[in-house]
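This report concerns only the one structure given below.
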Amino acid sequence: MPYDPTKDETIKQWHCEETGLMVSIHRYDGGEAKVQIGPRILRRKDGGERAPAKAGRLTIEDLMWLYDIIDEVKEELSGMVGPE
């Protein structure tokens, strides 16, 4: 079964303005919701957005930002998981 982009749902996303890193919650075809770290969306000097790039290795700025939002990400994701 090939990947179908129409079945890929972005539920919520966060974007770090300082480093361009994105964190998002996705669900494919009604399946389990999962967290994705990356890509990076950087700004050009003229203010426009560059093409997305891989997240790669995280800097301390990335980690501090991730630390600041992780509880919100966890809460959002936990609300989508049924009782075990």
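Numbers below:
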read-out	value
Selection of chymotrypsin sites (Phe, Trp or Tyr not before Pro), the chain, meeting DSSP coil and at most 11 other Cβ within 10 Å	Tyr3
Largest to smallest principal axis extent of the C-alpha atoms in the chain, angstrom	45, 31, 20
Of Gly20, Gly48, Gly38, the one that fluctuates the most in a GNM where the chain has Cα springs shorter than 10 Å	Gly48
Sparsely packed trypsin sites (Lys or Arg not before Pro) within the range 1-50, loop by DSSP, other Cβ within 10 Å at most 14	Arg44, Lys45, Arg50
Neighbourhood charge, 12 Å Cβ-Cβ cut-off, centred on Arg50 and excluding it, Lys, Arg +1 and Asp, Glu -1	+2
Folded to 0 to 90 degrees: helix 60-78 orientation relative to the chain principal axis, Cα	20 degrees
Cβ-defined net charge surrounding Glu9, 13 Å radius [Lys, Arg +1; Asp, Glu -1]	0
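Coordinate-derived values only; no laboratory data. Model, not experiment: these values are computed from the prediction. Glycine gets a Cβ as well: all are built from the backbone with ideal geometry, and neighbour counts include every protein chain shown.
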